[in-house]
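Below is one structure, written out as structure tokens; comments come after it.
The values are calculated or read from the model by the stated rules, or taken from the named source; none is laboratory data. It should be emphasised that the depicted structure is a prediction, and the values quoted were computed from it without experimental measurement. Note that we place each Cβ from the backbone using ideal geometry, even for glycine, and neighbour counts take in every protein chain shown. For the accessible areas, the whole protein counts, side chains as well, though only heavy atoms, and no ligand, DNA or RNA atoms are used. Shrake-Rupley method; radii C 1.70, N 1.55, O 1.52, S 1.80 Å.
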Amino acid sequence: MDGKVKKQKQHQQKHSGPKAEKKKLKKQNGSTEEDERKRNPKAFAVQSAVRMAKTFHRAQDIKTKKHHVPVVDRTPLEPPPIVIVVVGPPKVGKSTLIRCLIKNFTRQKLTDICGPVTIVSGKKRRLTFMECNNDINSMIDLAKVADLVLMLIDASFGFEMETFEFLNICQVHGFPRIMGVLTHLDAFKNNKTLRKTKKNLKHRFWTEVYQGAKLFYLSGMVYGEYQNQEVKNLGRFISVMKFRPLVWQTSHPYILADRIEDLTDPERLRTDPKCDRTVSLYGYLRGTHLKNKGQVHIPGVGDFQMSDVNFLPDPCPLPGTQKKRALNEKERLLYAPMAGVGGVVYDKDAVYIDLPANHVKQLQEEVRPTTELVQSLIETHVTLDAKMAASKVSLFSGSAGLDPTDISEQSGVQEGLREIHVWDAHTQTQRRKVVFTGLEEEEDDVSGSSSDEDDDGSDQENQEEEDDLSTFLKEVRDKSEKATKGSTPPVKKRKLEEMQGEEEVIAEAPAFADSEDELERGEADSEGEGEAERAGDSGHCSKESEEDSDDEEDGDEDDESMEEEIGADDSDEEEEQGKYHSGTFKWKEGLQQKASAAFLRHQEAAPNLRKLVYGSVVEAEDSEEEEEELGGLFRVNRPQKSKKVQADALDCSHFNPDISHNWELEEMLNSIRDCFVTGQWEEGQDAATLLKEDEELYGDFEDLETGKVHKGTTGEQDQAEREQRHDEDETDDEDQQVKMDDEEVQKNKRLEKKRRLKERFDTEYDDGDATYFDDLKEEMQKQAELNRAEFEDMDDESRVQYEGFRPGMYVRLEISSLPCEFVTNFDPHYPVIIGGLGTSEGNVGYLQMRLKKHRWYERILKTRDPLILSLGWRRFQTIPLYHIEDHNGRHRLLKYTPQHMHCGASIWGPITPQGTGFLAVQSVSGVKANFRIAATGVVLDLDKSVTIVKKLKLIGYPYKIFQNTCFIKGMFNTVLEVAKFEGASIRTVSGVRGQIKKALSTPPGAFRATFEDRLLMSDIVFLRSWYPVSIPQLYNPVTSLLLPVGQKDSWSGMRTVGQLKHDLGVRNKPSIDSLYKPITRAPRHFNPLHIPKELQKALPFKSKPKLLQPKGKVPRDLKRASVIREPHERKVAELLRALSTVHHYKKKVAQRAHHAKHKEFLQQKEKDEEAKMKRMKDARKKLYRIMGQKDQKKQRSSLKGTPQDD
């Protein structure tokens, strides 16, 4: 119906009349907008200039906000896998999401997620998944290497503290791409509550990340997995996401280790189990180029020197560049050595086979890979050589398989051992298969693990196809041998093949394509041509012996086999040509002509490298009749069907000329004239034309030294001169005809030259829509192309010597003297990151920082309290000093960090480039209920240029006061200290200012000072001074990876003073001056007011001081009644006083005599005691001597024995 309606409309179009003419005019004149503008200009006029300006400004703002500062693209051609870190609190579904994503990309199930898991997600992208533990050490380390963060949020619970902690860590260390994933949505039964919760969580997530950040919803689980469509959508977003390079990552090389091997000598381990280990670490190199013998830091372990670095074959390579929509099953690779997945692993000097293979069906119980390997060896009943001899190559399900007999018949090699590299679809690895010729096929077992897709029916079909194929190959071989014996290779056919091969070599991939599809199409075509060239060999290299392998070993083996076959063919040709006419040797005929022809032919033809390596180059034919594939990889040679392939063709590496050239002929000289500098290489590119272009482009110029002006010739003058020359040279009609043709050519050249000049002028002076941003982007693009083209043609071995190991390589690092705890306590669930250090980043020194306490951290930070910093690759503990800059440039020490304000911090730590962000935590052990990020900041300076000072008040007291001068003591101790502070300003507590003048001789430390006003004895004088503070030198790396398994989140370093007092139960003794006391104020006594007499006279009477003495208290003696003695009483009193004086004197004399007598008695008693002690001592000595003599007699008698009677 739709088609009929369209036909009716087509027939209704009018070809004549006013409407038809109007349409014709519209088509001729183009758009009608200009006509409408002319007809009704008011409709298109600006109604409001302000509104139009606002609209324009808003559009420009929106456009400019989308711009990023252009950065030189330094990503290699084969970029390393993208690191995707899955973060979230416990039991939120991290492992389940990783398993579902791996299943979505690779169609494989992985039960246990241990360490990094690398997969191929597309034609040009690989992904490395890493699960982040609920440990702040792992969160800090993985935030530094993550390209994409999948942040899982439990929607039924809400945001947890770990989410915000990780976001703050990412903000400090360079913000990677973050995608939120909501789980546990099936816990909501009410749809309205679910929508409201989604909205609230989304807006809160946008607040933390950025407006419009992607948030995915995983609605529910089916059989323990998330729904396939939701996981597929998440995988699509991951596959197409673009990443912006982060500053720290692009300036430092780093490796996320996915495999670790202990290379320490077993004998040394036996004798000393705790010796330092030599360990090799494997992983993809990311960031920038890595130099050998450099210094690296392993977070959680320490700084080390690399002893050796090598690059290995990529264990998880990208698929081929052929154009297709999806990956094949064999290209969906999975590489996870720590999880026991990865197949064959190539090391520097060995090959490891990791079990189990592709379809992982591990038991949930913990079984080590070594145990599984031993178990598989025990269960083996057939030897390896017998199994390899009976094996077949079957790469794809349902494809034909090859046995060793077929291979030997096709290649024509002698019986014995041959090695074939086979891609195993089950283990996703490349295996080295040993083929024994002459043995029959017994069983179809290549990789040792059966595929679920292959069934018995397909195996039977494969065997039938292989039997038919083997018989067919035998017949072909017999026919080809007969043909080689009875015929000689025709020269014309070989020449035709060489010409066709040269034409095909020219058709290569397009250098510049309009889109990626064209570029891929061109690469695919070139690959097809290469395969056809290998297929169309001249009988020197069989198709079955060539293999698609990127390894260097395979290439070497192929070259060796090719050389052997070429040598065999050369010998066959010599035998056939030598025995040509019944005993006459034809190779001796015309040797001189052959040699000259070979030399001339070699001079004429440039050697075709592709032809030298792969044989004669022929066109690829896609017909299935002429080419038949075995196993999807090998092709069959059919010489009887292909005319281009001759079994007895000459060696392609020899140049066989057919005719000699006569260089005296003009035609031969003209044929090579354009090969030289003065010739014409392309249209309009000959030397004369280019010189004229330069002359016309630059025109007249003046020689500044001589002042001579050189006039440039115009195009018309050139043409006139050329015509004049042609008129002089023309002599006959033939030359006139040649001249006319030459004029036409010259005219076309001039037009082409003018067009090029105009284009050059337009590009220089007409900017068009190009902006500064576009120019900057173009400049960065040119720089990126220049960087790529610099070492593009060099092989990897040479390239590594110049620029180091480039990002994207799979490298092997060997580090000696690693602590033994790193190996013995290794846990694959914790990331092992090897971060490269710059030239000066291995040193330790003073760092100046700008720091701000995090607004969510509850406590303020105290100076000299140890703090754990994450700076660069390192996590270490140090003691910071906080300070703030005053208005006069002085850096004043702070006791605590200020609230809601930045302050300076000085530490002793590793040298890190300026502008590097850092974060601080007070403890990394355990999980605390509160927010753990204590502070954030940035590095400002790398030296000790900042002098931190703290305030010091010196106190003194006046001890002599004159008018405005006083002597002060107690502030200093020596005259030298006073001399140092001469001229310093001092103050009293009451605010009187003064200055130190000179030191006094006594007491030491006292000085003379002058003040604004007279001081009091009760005043306190103080001096404000600044004392420089030294930065404590503490650098204690956090060695969390050396702790035992299960205790890696319990690292604890130096404790703060508060923690020490709390743990030891120490209470602070309060200062006596700080305690509250009752205030007792003593009454002050003021001196009487002294008024001069002259002033008293001038005062009025009421103000004059009254000279009335106040009545004081009556003395006590005045109050008591006086007693007057009689003369007799006076005599009696005198007599009693005299008697008492005499008595006291006699008493004192008697007492003195008694003391002297007692002293003599004590001395005599002491002498007696000494004599007594001496006598007792002599008696004891005598007694002990007698007892000792008796004992000696007893001993002597016991030694002699019992005495005998006479």
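How many residues does the stretch 1069-1089 contain that are open to solvent by less than 100 Å² (accessible area, probe 1.4 Å) and of a type in the set (Val, Ile, Thr)?
0
Yes or no, residue by residue, for (1) closer than 30 Å to ALA905 by Cα; (2) hydrophobic (A, V, I, L, M, F, W, C); (3) within 60 Å of the chain's Cα centre (by Cα):
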| residue | (1), (2), (3) |
| --- | --- |
| LEU952 | yes, yes, yes |
| ILE955 | no, yes, yes |
| THR965 | no, no, no |
| VAL978 | no, yes, yes |
| LYS997 | no, no, no |
| PRO1004 | no, no, no |
| GLU1012 | no, no, no |
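The rows are residues; the columns are (1) at pLDDT 75 or above; (2) small (Gly, Ala, Ser); (3) in a helix (DSSP H, G or I).
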position: GLN10; (1), (2), (3): no, no, yes
position: GLN13; (1), (2), (3): no, no, no
position: GLU21; (1), (2), (3): yes, no, yes
position: GLN28; (1), (2), (3): yes, no, yes
position: SER31; (1), (2), (3): no, yes, no
position: LYS38; (1), (2), (3): yes, no, yes
position: GLN47; (1), (2), (3): yes, no, no
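Take GLY212 and decide whether it is in contact with a Ser or Thr (Cβ under 8 Å, 6 or more places away or on another chain), small (Gly, Ala, Ser) and either assigned to a helix (DSSP H, G or I) or open to solvent by 40 Å² or more (accessible area, probe 1.4 Å) (or both).
When the stated conditions are applied, GLY212 does not pass them.
State which residue pairs qualify: first residue closer than 17 Å to HIS184 by Cβ and of a type in the set (Phe, Trp, Tyr) and inside the stretch 201-226, second residue open to solvent by 50 Å² or more (accessible area, probe 1.4 Å) and not in a strand (DSSP E or B) in any location, beta carbons under 8 Å apart, and separation of 6 or more residues or different chains.
Within 8 Å, the pairs are PHE216/ASN233; PHE216/PHE237; TYR217/LYS198.
Identify, by number, the condition in (1) free of Cβ contacts under 8 Å to residues at least 40 places away in the same chain; (2) closer than 26 Å to ARG875 by Cβ; (3) open to solvent by less than 100 Å² (accessible area, probe 1.4 Å) that HIS1062 doesn't meet.
Status for HIS1062: all satisfied but (3).
What's the number of the only condition in (1) over 30 Å from VAL832 (Cβ atoms); (2) of a type in the set (A, V, I, L, M, F, W, C); (3) under 38 Å from the mean Cα position of the chain (by Cα) that VAL1038 fails to meet?
The one condition VAL1038 does not meet is (1).
Of all residues in the stretch 173-209, which are small (Gly, Ala, Ser) and more than 30 Å from PHE918 (Cβ to Cβ)?
Within the stretch 173-209, ALA187 is the sole residue that qualifies.
Being out of contact with any helix residue (DSSP H, G or I) (no Cβ under 8 Å at 6 or more places or on another chain), exposed (fewer than 15 other Cβ atoms within 10 Å of the Cβ) and under 30 Å from LYS274 (Cα atoms): is that true of SER817 here?
Taking the combined requirement at face value, the residue satisfies it.
Could you count how many residues in the stretch 105-132 are in contact with a Ser or Thr (Cβ under 7 Å, 6 or more places away or on another chain), at pLDDT below 90 and of a type in the set (Asp, Glu)?
Of the residues in the stretch 105-132, 0 are in contact with a Ser or Thr (Cβ under 7 Å, 6 or more places away or on another chain), at pLDDT below 90 and of a type in the set (Asp, Glu).
Rundown of residues vs (1) free of Cβ contacts under 8 Å to residues at least 40 places away in the same chain; (2) open to solvent by 100 Å² or more (accessible area, probe 1.4 Å); (3) assigned to a helix (DSSP H, G or I), yes/no style:
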residue: ILE1124; (1), (2), (3): yes, yes, no
residue: LYS1131; (1), (2), (3): yes, yes, yes
residue: LYS1148; (1), (2), (3): yes, yes, yes
residue: LYS1157; (1), (2), (3): yes, yes, yes
residue: PHE1161; (1), (2), (3): yes, yes, yes
residue: GLU1169; (1), (2), (3): yes, no, yes
residue: LEU1183; (1), (2), (3): yes, no, yes
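Which number in (1) open to solvent by 10 Å² or more (accessible area, probe 1.4 Å); (2) within 28 Å of VAL222 (Cβ to Cβ) marks the one condition that PRO80 misses?
(2) is the only condition that PRO80 fails.
Looking at (1) polar (S, T, N, Q); (2) more than 30 Å from ARG277 (Cβ to Cβ); (3) open to solvent by 30 Å² or more (accessible area, probe 1.4 Å), which one does THR988 not meet, given that it meets all the others?
Just one mismatch for THR988, condition (3).
Quick check on this structure: which one of SER1140, SER1071 is under 60 Å from the mean Cα position of the chain (by Cα) and among the polar types (S, T, N, Q)?
From the options SER1140, SER1071, the qualifying one is SER1071.
Just to check your reading of the model, which residue among GLY983, GLY970 is closer than 26 Å to ASN888 by Cα and either exposed (fewer than 12 other Cβ atoms within 10 Å of the Cβ) or not hydrophobic (A, V, I, L, M, F, W, C) (or both)?
Exactly one residue qualifies, and that residue is GLY983.
Checking LYS63 against (1) among the charged types (D, E, K, R); (2) closer than 24 Å to GLY340 by Cα; (3) assigned to a helix (DSSP H, G or I), only one condition comes out false. Which one?
All conditions are met except number (2).
Tell me whether the stretch 1076-1083 contains one or more residues that are touching a residue at least 12 places away in the same chain (Cβ under 8 Å), part of a loop (DSSP other than H, G, I, E, B) and either over 30 Å from ARG864 (Cα atoms) or in contact with a helix residue (DSSP H, G or I) (Cβ under 9 Å, 6 or more places away or on another chain) (or both).
Among the residues of the stretch 1076-1083, not one is touching a residue at least 12 places away in the same chain (Cβ under 8 Å), part of a loop (DSSP other than H, G, I, E, B) and either over 30 Å from ARG864 (Cα atoms) or in contact with a helix residue (DSSP H, G or I) (Cβ under 9 Å, 6 or more places away or on another chain) (or both), which makes the answer no.
With respect to PRO70, is the statement that it is in contact with a Phe, Trp or Tyr (Cβ under 6 Å, 6 or more places away or on another chain), surrounded by 10 or more Cβ atoms within 10 Å (Cβ to Cβ) and in a loop (DSSP other than H, G, I, E, B) true?
So PRO70 does not fit the description; no.
Out of GLY1053, GLY1046, which single residue is open to solvent by 60 Å² or more (accessible area, probe 1.4 Å) and either within 23 Å of ARG864 (Cβ to Cβ) or part of a loop (DSSP other than H, G, I, E, B) (or both)?
Step by step, each of GLY1053, GLY1046 is checked, and only GLY1046 is open to solvent by 60 Å² or more (accessible area, probe 1.4 Å) and either within 23 Å of ARG864 (Cβ to Cβ) or part of a loop (DSSP other than H, G, I, E, B) (or both).
Of the residues LEU218, LEU201, LEU148, LEU142, which single one is at pLDDT 90 or above, more than 29 Å from SER1050 (Cβ to Cβ) and in contact with a Pro (Cβ under 8 Å, 6 or more places away or on another chain)?
LEU148
Can you work out which of the residues in the stretch 659-680 that are at pLDDT below 70 and among the hydroxyl-bearing types (Ser, Thr, Tyr) is most open to solvent (accessible area, probe 1.4 Å)?
The qualifying residue most open to solvent (accessible area, probe 1.4 Å) is THR678.
With respect to SER870, is the statement that it is closer than 28 Å to GLY88 by Cβ and assigned to a loop (DSSP other than H, G, I, E, B) true?
No, not satisfied.
Does any residue of the stretch 47-59 turn out to be open to solvent by less than 50 Å² (accessible area, probe 1.4 Å) and more than 30 Å from LEU110 (Cβ to Cβ)?
Yes: the stretch 47-59 contains one or more residues that are open to solvent by less than 50 Å² (accessible area, probe 1.4 Å) and more than 30 Å from LEU110 (Cβ to Cβ).
Could we say that PHE237 is closer than 26 Å to LYS109 by Cα, of a type in the set (A, V, I, L, M, F, W, C) and open to solvent by 10 Å² or more (accessible area, probe 1.4 Å) here?
Here the answer is yes, as PHE237 does meet what is asked.
Of the conditions (1) surrounded by 14 or more Cβ atoms within 10 Å (Cβ to Cβ); (2) under 25 Å from the mean Cα position of the chain (by Cα), LEU218 fails just one. Which one is it?
Of the numbered conditions (1) surrounded by 14 or more Cβ atoms within 10 Å (Cβ to Cβ); (2) under 25 Å from the mean Cα position of the chain (by Cα), the odd one out for LEU218 is (2).
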